[in-house]
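Novice: I am attaching a structure below and will ask some questions about it afterwards.
Only the coordinates and a few stated rules stand behind these numbers; no lab work does. Please read all numbers here as calculations on a predicted model, not as lab measurements. When we count neighbours, we look across all protein chains shown, and the Cβ atoms used for this are built from the backbone with ideal geometry, even at glycine.
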Amino acid sequence: MGRHSRPARTTHAPTVQARRRLTAGLASASALVAACIALTVDPAAPPAPDRAVPRSGTASSEDPQLASHSWTAHVSRP
C-alpha cells in the first residue's frame, strides 16, 4: 500500500449516510405536510370577539386604555 493512498472505508459508513438522508427526507416531508395542512384546514372555531378585526370607522380598543395611563395623560391627541 502506498503512502498517499486513500484510507480504507469503514463498514458502517453507508448505514450512517442512509440514516442522515432518511432523517433529512422525513424532516422536509414533515415541514411540507404541515405547511399544506395549515393552508387548507379552516379553524374549528370562529375568532374570539376580542380578537376580531375592527371594522373601519370604529374606535380601537386601545384608545380608552391609552388615555388612562399616566404617561399618556400629558400627550395631546389630534
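Novice: For segment 30-42, just list the computed ³J(HN,Hα) in residue order, Karplus coefficients 6.51, -1.76 and 1.60, θ = phi - 60°, integers in Hz, with x standing in for Gly and Pro.
Specialist: 5, 5, 5, 5, 5, 5, 5, 5, 5, 7, 9, 8, 7
Novice: Loop only per DSSP, at most 16 neighbouring Cβ atoms within 10 Å: give me the trypsin sites (Lys or Arg not before Pro) in segment 1-49, ordered by residue number. Before the final figure, lay out the partial values.
Specialist: Working: sites: Arg3, Arg9, Arg19, Arg20, Arg21; in loops: Arg3, Arg9.
When the trypsin sites (Lys or Arg not before Pro) of segment 1-49 are filtered for loop state and at most 16 Cβ neighbours within 10 Å, Arg3, Arg9 remain.
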